[in-house]
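Novice: Below: one structure in structure tokens.
The values are calculated or read from the model by the stated rules, or taken from the named source; none is laboratory data. All values reported here derive from a predicted model rather than from experimental measurement. Cβ placement follows ideal geometry from the backbone for every residue including glycine, while neighbour counts extend to all protein chains displayed.
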Amino acid sequence: MIEFRSVTKQFPDGTVAVNEFSFTLPSEKATVFVGSSGCGKTTILRMINRMIEPTSGQILIDGVDIQTQNKVELRRSIGYVLQAAGLLPHRKVLDNIATVPVLKGVPRAAARSAALDLLDTVGLDRSLADKYPRQLSGGQQQRVGVARALASDPNILLMDEPFGAVDPIVRAELQLELNRLQRDLGKTIVFVTHDIDEAFTLADQVVIFKKGGIIAQAGTPAEILAHPADEFVETFIGSDKGKRDLRLQKREGDNGLTLVVDKDGRPAGILADSRDSEAGSSSPGAPVQGAAAS
Amino acid sequence: MSWTLSNLDLILELSVEHVRLALLPIVLSFVLSIPLGWLANRNRTLRAVIITSGSLLYTIPSLPLFVILPIVIGTRVLDDTNLIVALTIYGVAVMMRSAADALSSVDEATIDAASAMGFSTFARFWRVELPLAGPVLLAGIRVVSVSTIALVSVGVIIGSSNLGYLFQNGKQRGILEEVGAGIVASLLLALLFDVIIVLIGRVLMPWNRSEDRSRSRARSNMIPIKQDVGA
């Protein structure tokens with residue numbers, strides 16, 4: 001559990017990035033901070049591992065004030081995935097993954113062999129172990145970044161726009177992978193993004209920020225979609241344009257298929273169940289259109 | 001070629017002396033420049049002081065420096081130490097700027113990532129910043145190496161024995177070939193040092209290959225990287 005108690009961060013130039021922020025992030029759940037740039041979400045994330053020190057207020061991890069902990073030890077106990085991976089360019093993939101265990105004093109050979117297993121965990125081929133980061137694609141680097149963050153088996157995983165620099169196809173792939181990983185691992189994930197769809201895909205709990213680290217709304221994706229708190233949230237999630245209010249519609253001559261339409265009646269997709277019952281006898285297609293079969 | 005052939009022993013002996021005199025200043029200027037370069041990146045004033053004094057030191061003419069040094073450091077006038085200290089001063093003058101640039105060339109995001117992983121400031125310097133500053137440090141030490149080998153020759157004026165002797169002796173005796181032999185030997189030494197430094201760099205920084213080479217290697221996919229280091 002990560003608890004913020006009226007945390008304020010004012011930068012030396014006078015900007016108040018976060019003002020009196022109080023919030024609790026539940027253990028073993030994925031909490032996604034979402035908001036436009038400059039809303040303070042990254043500042044809040046970076047205060048958790050003391051990469052940024054709050055001006056005032058308290059942050060507690062499982063009831064312990066992190067100010068009382070050694071900064072370096074704290075960081076080693078928290079997994080961190082950065083935008084553009086942030087791998088060490090002079091170290092091979094395997095050594096990058098083994099970074100934190102080695103820092104913690106695990107013998108190099110043991111750390112490297114554990115790192116090899118992590119390559120499997122994040123879905124990378126073991127043949128990449130001896131490559132240098134720049135010999136990898138952006139998506140592969142990002143997977144190595146996730147493996148590195150998992151290497152010391154931390155309870156908490158901080159992810160700062162980790163998929164922001166990869167193309168949309170790889171990004172969607174990585175999102176699903178992360179969901180799969182989280183089902184197995186059950187980490188306390190704090191994920192920062194400016195992409196609301198990414199937030200809804202990954203989150204158990206979504207926190208939508210306004211400027212200054214002010215929470216516009218916090219809740220499960222369903223809660224937020226069903227009851228946007230105000231106009232700001234409506235605009236942010238796109239429901240002001242009716243894109244988020246979907247209805248089922250059956251039309252004449254559609255052979256019993258059910259359309260899913262938005263508020264203005266524009267088709268957004270097809271209800272897969274209806275197609276399956278229609279096509280059940282004729283063609284054994286994929287059950288869900290558009291989404292990758294897992 | 002007759003002079004050269006009949007004096008090969010002398011040329012070889014002077015070359016060895018030349019190497020001996022050049023080696024220590026090159027190594028010393030590398031080692032001393034790193035803390036200075038680190039300091040230069042602490043704040044702007046320090047940087048200005050260090051960079052400026054580097055340029056100033058380099059403008060001291062070599063001859064007066066050779067003459068003044070024995071008085072300042074209390075050595076005998078004909079001691080090799082004078083030459084070694086003088087060459088180290090010139091080496092540091094050039095190298096500390098390179099070291100400052102090298103350390104500031106390391107990507108901020110990488111340093112930030114290293115901190116976030118839990119590197120202490122000390123470990124981060126030795127295991128992340130210094131290795132990543134390597135390519136720029138290497139470029140700097142190559143310049144120092146060449147200039148030191150050239151400057152060693154001036155040492156004959158204060159009684160040092162090295163390839164510079166061939167210039168002096170050849171000029172006094174009017175043997176043009178002797179001067180030529182000295183020049184060629186110095187050039188070869190400079191080249192040899194450069195090749196050795198580059199090779200050391202390749203061994204220590206296998207990650208620092210140009211993009212094109214790694215790409216063509218990936219395309220052919222025949223030569224694993226490890227073999228390449230040994231070759």
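Novice: Could you tell me which of the residues B:V152, B:V85, B:V144 is crowded, with 20+ Cβ neighbours inside 10 Å, within 25 Å of B:L63 (Cβ to Cβ) and within 11 Å of the chain's Cα centre (by Cα)?
Specialist: Going through B:V152, B:V85, B:V144 in turn, the sole match is B:V144.
Novice: A follow-up question, please. Taking the conditions exactly as written (part of a strand (DSSP E or B), farther than 30 Å from B:R209 by Cα and charged (D, E, K, R)), does A:E20 satisfy them or not?
Specialist: Judged against the criteria, A:E20 is a match.
Novice: Let me ask you something else. Filter region B:18-41 for residues that are closer than 13 Å to B:I149 by Cα and crowded, with 17+ Cβ neighbours inside 10 Å and give the result. It would help to see each step written out before you state the result.
Specialist: Step one: of region B:18-41, the residues closer than 13 Å to B:I149 by Cα are B:18-27.
Those that are closer than 13 Å to B:I149 by Cα and crowded, with 17+ Cβ neighbours inside 10 Å: B:H18, B:L21, B:A22, B:L24, B:P25, B:I26.
Novice: Kindly provide the set of residues from region B:176-231 that are at pLDDT 50 or above, over 23 Å from B:W3 (Cα atoms) and away from chain A (no Cβ under 14 Å), ordered by number.
Specialist: Within region B:176-231, B:L191, B:L192, B:F193, B:D194, B:V195, B:I196, B:I197, B:V198, B:L199, B:I200 qualify.
Novice: If you check B:R76 against the conditions, is it away from every other protein chain (no Cβ under 14 Å) and either in contact with a Gly (Cβ under 7 Å, 6 or more places away or on another chain) or in contact (Cβ under 8 Å) with a residue 12 or more places away in the chain (or both)?
Specialist: Answer is no for this residue.
Novice: Quick one: would you say B:V156 is away from every other protein chain (no Cβ under 12 Å), in a helix (DSSP H, G or I) and modelled with pLDDT of 90 or more?
Specialist: no
Novice: Taking into account only those residues within region A:115-132 that are in contact (Cβ under 8 Å) with a residue 40 or more places away in the chain and in contact with a Lys or Arg (Cβ under 8 Å, 6 or more places away or on another chain), which is farthest from the other protein chains (Cβ to nearest Cβ)?
Specialist: A:G123
Novice: Can you confirm whether region B:71-80 contains a residue that is of a type in the set (K, R) and surrounded by 15 or more Cβ atoms within 10 Å (Cβ to Cβ)?
Specialist: No, there is no match, as no residue in region B:71-80 is of a type in the set (K, R) and surrounded by 15 or more Cβ atoms within 10 Å (Cβ to Cβ).
Novice: Still on this model: Which residue out of A:L136, A:L176 is surrounded by fewer than 21 Cβ atoms within 10 Å (Cβ to Cβ), closer than 18 Å to A:I97 by Cα, hydrophobic (A, V, I, L, M, F, W, C) and at pLDDT below 95?
Specialist: A:L136
Novice: Let me spell it out: the conditions are (1) surrounded by fewer than 21 Cβ atoms within 10 Å (Cβ to Cβ); (2) farther than 28 Å from A:P228 by Cα; (3) more than 12 Å from chain B (Cβ to nearest Cβ); (4) touching a helix residue (DSSP H, G or I) at 6+ places or on another chain (Cβ under 7 Å), and A:T201 meets all of them except one. Which number is the exception?
Specialist: (2)
Novice: For region A:140-155, which residues satisfy the criterion of being within 12 Å of chain B (Cβ to nearest Cβ), under 24 Å from A:M1 (Cβ atoms) and outside any loop (DSSP other than H, G, I, E, B)?
Specialist: A:A149
Novice: Okay, moving on. State which residue is farthest from the other protein chains (Cβ to nearest Cβ) when the search covers only region A:80-114 and only residues that are part of a helix (DSSP H, G or I) and closer than 21 Å to A:N49 by Cβ.
Specialist: Going residue by residue through region A:80-114, those that are part of a helix (DSSP H, G or I) are A:93-97, A:99-103, A:108-114.
From what's left, closer than 21 Å to A:N49 by Cβ: A:96-97, A:99-103, A:111.
Working: A:N96: 9, A:I97: 11, A:T99: 5, A:V100: 6, A:P101: 11, A:V102: 10, A:L103: 5, A:A111: 13 Å.
The qualifying residue farthest from the other protein chains (Cβ to nearest Cβ) is A:A111.
Novice: Check B:V136, B:V85 and return the single one that is more than 14 Å from chain A (Cβ to nearest Cβ) and assigned to a helix (DSSP H, G or I).
Specialist: Checking each option against the conditions leaves just B:V85.
Novice: Among the residues of region B:159-176, count how many are surrounded by 15 or more Cβ atoms within 10 Å (Cβ to Cβ) and assigned to a helix (DSSP H, G or I).
Specialist: Of the residues in that region, 7 qualify.
Novice: Which ones in region A:74-113 are surrounded by fewer than 18 Cβ atoms within 10 Å (Cβ to Cβ), more than 29 Å from A:S37 (Cα to Cα) and of a type outside the set (S, T, Y)?
Specialist: If the condition is that a residue be surrounded by fewer than 18 Cβ atoms within 10 Å (Cβ to Cβ), more than 29 Å from A:S37 (Cα to Cα) and of a type outside the set (S, T, Y), then A:K104, A:G105, A:V106, A:P107, A:R108, A:A109, A:A110 are the ones that fit.
Novice: Among what's in region A:26-58 and is in contact with an Asp or Glu (Cβ under 9 Å, 6 or more places away or on another chain), buried (at least 21 other Cβ atoms within 10 Å of the Cβ) and part of a strand (DSSP E or B), pick the residue that is farthest from the other protein chains (Cβ to nearest Cβ).
Specialist: A:V34
Novice: Name, by its number, the condition in (1) buried (at least 21 other Cβ atoms within 10 Å of the Cβ); (2) modelled with pLDDT of 90 or more; (3) under 30 Å from A:P26 (Cβ atoms) that does not hold for A:D117.
Specialist: Only one criterion in (1) buried (at least 21 other Cβ atoms within 10 Å of the Cβ); (2) modelled with pLDDT of 90 or more; (3) under 30 Å from A:P26 (Cβ atoms) is unmet by A:D117, namely (1).
Novice: Being surrounded by 20 or more Cβ atoms within 10 Å (Cβ to Cβ) and either out of contact with any Cys (no Cβ under 6 Å at 6 or more places or on another chain) or among the small types (G, A, S) (or both) is the requirement here; does B:I51 meet it?
Specialist: no
Novice: Sort through A:E173, A:E177 and tell me the only one that's part of a helix (DSSP H, G or I), in contact (Cβ under 8 Å) with a residue 60 or more places away in the chain and more than 15 Å from A:L94 (Cβ to Cβ).
Specialist: On the way: A:E177 fails: in contact (Cβ under 8 Å) with a residue 60 or more places away in the chain.
Unique residue meeting the criteria: A:E173.
Novice: Just one of B:L56, B:L24 is closer than 16 Å to B:V143 by Cα, of a type in the set (A, V, I, L, M, F, W, C) and either within 19 Å of the chain's Cα centre (by Cα) or part of a loop (DSSP other than H, G, I, E, B) (or both); which is it?
Specialist: Numbers: B:L56 fails: closer than 16 Å to B:V143 by Cα.
Only one candidate qualifies: B:L24.
Novice: Please specify each residue of region B:160-202 satisfying the condition of being more than 21 Å from the chain's Cα centre (by Cα) and among the small types (G, A, S).
Specialist: B:G170, B:G174, B:G180, B:A181 - these are the residues of region B:160-202 that are more than 21 Å from the chain's Cα centre (by Cα) and among the small types (G, A, S).
Novice: Of the residues B:A102, B:A116, which single one is within 13 Å of chain A (Cβ to nearest Cβ) and either acidic (D, E) or part of a helix (DSSP H, G or I) (or both)?
Specialist: Values: B:A102 fails: within 13 Å of chain A (Cβ to nearest Cβ).
Residue meeting the stated conditions: B:A116.
Novice: For region A:62-79: of the residues being in a strand (DSSP E or B) and over 13 Å from A:M51 (Cβ atoms), which is farthest from the other protein chains (Cβ to nearest Cβ)?
Specialist: The residue in question is A:D65.
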